[in-house]
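A short write-up of the structure that comes next.
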2 protein chains.
Amino acid sequence: MAGTRPKKAITAYDVADHAGVSQSAVSRTFTPGASISAKTKAKVLASAKALGYRPNFIAKSLITRKSGITGVALGYADNPFYPALMEELMKRLSRQGRRFLLFNGDPQRDSDPELEEILRYQVDALILMSSTLSSHLAADCKDAGIPVVLINRRTEDGSTSSVTGDNFVGARKIAEFLMAGGHQRPAFLAGAENSSTNREREEGFRAGLSAAGGTAPLRACGNYQLEGARQATRELLASPDRPDAIFCANDHMAIGALEVARYEFGLDVGREISIVGFDDVDMAAWPSFDLTTYSQPVNEMAEAAMELIDLEEKAEPVHRRIPGELIIRKSARNPK
Amino acid sequence: MAGTRPKKAITAYDVADHAGVSQSAVSRTFTPGASISAKTKAKVLASAKALGYRPNFIAKSLITRKSGITGVALGYADNPFYPALMEELMKRLSRQGRRFLLFNGDPQRDSDPELEEILRYQVDALILMSSTLSSHLAADCKDAGIPVVLINRRTEDGSTSSVTGDNFVGARKIAEFLMAGGHQRPAFLAGAENSSTNREREEGFRAGLSAAGGTAPLRACGNYQLEGARQATRELLASPDRPDAIFCANDHMAIGALEVARYEFGLDVGREISIVGFDDVDMAAWPSFDLTTYSQPVNEMAEAAMELIDLEEKAEPVHRRIPGELIIRKSARNPK
């Protein structure tokens, strides 16, 4: 490949000169959210284009010590809850002139992005958007002075700020709803065992069953994976003590469970067996699934995360629970 | 908020000194893909952590003129084809020690990310992963010296490198398959009218129908949106001249069409009406849909895009067509 000869670098001063505006106007044109008239901005952009000027934001970040980049670590993208949450975050970061650097995407999906990779890009803040990333990474980043916010997970010691849904309360309400519907043999289809979402949802479900005089649930683990959920459902439905209701720790698994019940066991979902999820992803409302579930509002969760990453110097971690609600559709038998 | 007192900056020399290794070893520890023994790397990381050292990758990028960041512009994330493609790209970028900066996410979904925003972050290359982003942005980036690769779209003049699926050929095979199955009144459910994918798929479909002696298809437009596809399907199925087959320009729309046919019109999909998609997203194989479609292999498309972004100094744009295949499931009547 032939190299191209480096040209003399075009500076902001050259652009200002060409456009007949101040150097500050050039700077403001390329600063997100800075005050500048549309007319001046258009002039600057035309001159920048004519001269081939590339605003050197990276050099600028050395002065401001802000890269304008928010790191986002994504653990597992198959679950449609995460792309939806990501889109809500992107909208908000975009409005503030910030951008998103995605970490992870390792073939081995539940591994952490490495700390040194995150430090290397000098992100201003880090959002860990997954229920399965280790607490380790969050602690390392905090030690390195990078504000960290967890979405949809908490660390055991609560030392990192977090935004979560109403896991315990939601799961308890699901248990009450199923008991009121006359179910006798409820089962819990667990997500990743080491995740806070799974732990809280299981605890809430058990508490709700117990308060309503029910027995401890049957149990199988789908590890928050679609194929895992299918396999766990086969186990549950093939057992002599077949459950009459399955609460799945998220919608992604509930959809897998529902399809196995309907297409492999020929069960009439909502009548012969009740299946309930958690999240209320868009797909839960599709007529093929019509899933009874408990909502985690992604817009409000993203909004709360944006507030928390701006509280950089806060002394204490902040934990925000975003309330959801029971969404009753047709995949579970309703109370009379 | 109380400010914290700035500490004296820790340099790579301090880390080398503390770890008892060369400064070059420290540098190699923080360079993706650089040769370094696991033992030395562990020593460096331990010292870096003990001293609170943050490798300043941004300063380094001023010297190498490589930010290590690949920009990705995403138009519309609801279609599960894009998160799947993104995951394949992330894996590959990650292996090379590169990262992903996502652009767009504007509330107004089909608007382009602004050129100045992309330049601001000095991305090494830009991947436009959408069928609906304007050709304008690609041309502007090329003018600014940033290699651009389009995935799943082409510009009209072909001036930007691209990786696309087998749109024309695939759609023609779908037409042949439907004609061989004895369908009389095929319809085309169009995606975004200005996109190259839609244009090529429609042309291939019409060519295939015509070659098999069929009539021109009925037509409605779903604009690559789920709700748009549902509405377009209602129009088609309510018309006096109801089609007996609908080829939808992607799977995302085909799933919407299938649900409307089954749940709103009570049609037995695959018997009373045939519905075919394009992409072969994971969901197409779910038993709820069991969708006949034409595949676009995301792994091969991502691989090809990675090759093309490395051909930075190439004189001519390169266009790669990734072949797919007809995936026959149960949503369409098969030839006898």
Subset of the range A:170-186 [more than 24 Å from A:Pro240 (Cβ to Cβ), buried (at least 19 other Cβ atoms within 10 Å of the Cβ) and touching a residue at least 40 places away in the same chain (Cβ under 8 Å)]: A:Gly170, A:Ala171, A:Ile174, A:Phe177
Residue match in the range A:323-335 (condition: farther than 18 Å from A:Gly191 by Cβ, surrounded by fewer than 24 Cβ atoms within 10 Å (Cβ to Cβ), touching a residue at least 24 places away in the same chain (Cβ under 8 Å) and out of contact with any strand residue (DSSP E or B) (no Cβ under 9 Å at 6 or more places or on another chain)): yes
Residue that is nearest to B:Lys142 (Cα to Cα) [pool: residues in the range A:30-49 that are part of a helix (DSSP H, G or I) and without any contact (Cβ under 8 Å) to a residue 24 or more places away in the chain]: A:Lys49
Members of the range B:9-33 found to be more than 14 Å from chain A (Cβ to nearest Cβ) and at pLDDT below 80, listed by number: B:Thr11
Among the candidates A:Leu74, A:Leu89, A:Leu102, residue that is closer than 28 Å to A:His252 by Cα, outside the structural domain of A:Gly191 (by TED's automatic domain parsing) and at pLDDT below 75: A:Leu74
Test: B:Ala229 is under 21 Å from the mean Cα position of the chain (by Cα) and surrounded by 17 or more Cβ atoms within 10 Å (Cβ to Cβ): yes
Residue list for the range A:173-195, filter: in a helix (DSSP H, G or I) and in contact with a Leu (Cβ under 9 Å, 6 or more places away or on another chain): A:Lys173, A:Ile174, A:Ala175, A:Glu176, A:Phe177, A:Leu178, A:Met179
The range A:203-216 - residue that is in a helix (DSSP H, G or I) and out of contact with any strand residue (DSSP E or B) (no Cβ under 9 Å at 6 or more places or on another chain) and, of those, farthest from A:Glu264 (Cα to Cα): A:Ala211
Filter pass, A:Val260 being crowded, with 19+ Cβ neighbours inside 10 Å and touching a Lys or Arg at 6+ places or on another chain (Cβ under 6 Å): yes
Qualifying position, being buried (at least 20 other Cβ atoms within 10 Å of the Cβ), at pLDDT 70 or above and within 14 Å of chain B (Cβ to nearest Cβ), among A:Leu119, A:Leu150, A:Leu128, A:Leu137: A:Leu137
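The values are calculated or read from the model by the stated rules, or taken from the named source; none is laboratory data. Quick caveat, the model's predicted, so the values are computed rather than measured. Cβ atoms come from the backbone with ideal geometry, glycine included; neighbour counts cover every protein chain shown.
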